[in-house]
Amino acid sequence: MTPEEIRKLTKFFRTKFQMPNIEVRRRPQKDDSAEVYIGDEFIGVLFRDDEDDDLSYSFQMAILDFDLE
């Protein structure tokens, strides 16, 4: 993902979730995805999909059972 995409996606997440400390960060050696953090805590991966000339992003977050307790 480009720095401009990461900036726009960070702004989107901060606005959508009303959370100023959420951040999208570039993944080393990966161009089609980025990592999402709240503060220093990794929460998921954001994938870029530009198949069929239709750009979209998909956010994937795993929630472990012990995190629910």
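The values are calculated or read from the model by the stated rules, or taken from the named source; none is laboratory data. Only a predicted model underlies this, so the values are computations on that prediction, with no experimental measurement involved. Positions of Cβ are backbone-derived with ideal geometry, glycine not excepted, and every protein chain shown enters the neighbour counts. Protein only, heavy atoms only, side chains kept; ligands, DNA and RNA dropped before computing areas. Shrake-Rupley method; radii C 1.70, N 1.55, O 1.52, S 1.80 Å.
Residues in the stretch 15-35 that are open to solvent by 100 Å² or more (accessible area, probe 1.4 Å) and either of a type in the set (Gly, Ala, Ser) or free of Cβ contacts under 8 Å to residues at least 24 places away in the same chain (or both): LYS16, PHE17, GLN18, PRO20, GLN29. In the stretch 15-39, the residue that is modelled with the highest pLDDT out of those that are in a strand (DSSP E or B) and of a type in the set (Ser, Thr, Tyr) is TYR37. Look through the stretch 33-69, keep the residues that are β-branched (Val, Ile, Thr) and more than 8 Å from the chain's Cα centre (by Cα), and return whichever of them is farthest from GLU4 (Cα to Cα). If we take residues in the stretch 33-69 being β-branched (Val, Ile, Thr) and more than 8 Å from the chain's Cα centre (by Cα), then ILE63 is farthest from GLU4 (Cα to Cα). Out of PHE12, PHE42, PHE59, PHE47, one residue alone is part of a strand (DSSP E or B), aromatic (Phe, Trp, Tyr) and open to solvent by 80 Å² or more (accessible area, probe 1.4 Å). It is PHE42.
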